[in-house]
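Here the structure is laid out as structure tokens; the discussion comes afterwards.
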Amino acid sequence: MNKIRVMLVDDHLVVRKGLASLLEDEDDLTVVAEAGCGEEAIAQFAATKPDIAVLDLRLPDMSGIDVALALKEADPDAKLMILSSFRQEEDVHRAFEAGVLGYLRKTPAVLKSSRPFVKSPKVDVGSLHAFPSSSQNMPRKIISQNGKPKSLR
């Protein structure tokens with residue numbers, strides 16, 4: 001079985017390791033890279049070419065939105081998500097404008113499940129979907145701009 005290859009970007013080591021542990025418990029997911037800052041994330045993305053990258057919004061050297069912009073410039077097909085403690089509406093809009101698939105808040109309900117971040121290859125993922133409230137899981141399908149679902153693969 002081909003596993004979905006995930007990169008995690010968060011400046012807090014405990015958060016990265018916790019998420020990695022949750023994701024690695026899933027049969028169809030594998031964490032191929034971790035980064036604690038934006039520059040490291042950009043380099044790791046280029047080196048490992050993950051299927052999806054989960055980015056923190058606030059990093060020590062640049063914002064997760066700036067990282068998303070850089071990754072999308074290098075690879076317009078890059079699949080990106082923001083996972084953040086912050087929920088200012090401006091941040092959410094800027095993230096979607098940068099090309100992320102979704103924006104999810106770091107909450108206990110979200111962090112206890114690996115499934116809010118990535119889906120199995122059987123579930124389609126597209127772009128421009130606002131996630132439900134932070135206490136709910138991500139929807140099973142995200143619809144692309146043109147209304148057609150897109151796959152991670």
- Task: Select from the range 41-61 the residues that are open to solvent by 40 Å² or more (accessible area, probe 1.4 Å) and more than 15 Å from Arg16 (Cβ to Cβ) and list them in ascending order.
- Result: Ile42, Ala43, Ala46, Ala47, Lys49, Asp61
- Filter the range 32-53 for residues that are in contact with a strand residue (DSSP E or B) (Cβ under 7 Å, 6 or more places away or on another chain), closer than 18 Å to Ala98 by Cα and among the small types (Gly, Ala, Ser) and give the result. Ala41, Ala53
- Query: Identify, please: which residue in the range 16-40 is more than 19 Å from Ala70 (Cβ to Cβ) and within 14 Å of the chain's Cα centre (by Cα) and is, among those, surrounded by the fewest Cβ atoms within 10 Å (Cβ to Cβ)?
  - Reply: Thr30
- Evaluate the following for Ser84: is it buried (at least 19 other Cβ atoms within 10 Å of the Cβ) and modelled with pLDDT of 90 or more? no
- Note on the structure: Per the list (1) touching a Lys or Arg at 6+ places or on another chain (Cβ under 6 Å); (2) over 19 Å from Arg94 (Cα atoms), residue check on Ile65 breaks on (2)
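The values are calculated or read from the model by the stated rules, or taken from the named source; none is laboratory data. In this text, all values refer to a predicted model and were calculated from it rather than measured experimentally. Virtual Cβ from ideal backbone geometry, glycine too; neighbours counted across all protein chains shown. Please note that ligands, DNA and RNA were not included when accessible areas were found on the heavy atoms of the full protein model with its side chains. Shrake-Rupley method; radii C 1.70, N 1.55, O 1.52, S 1.80 Å.
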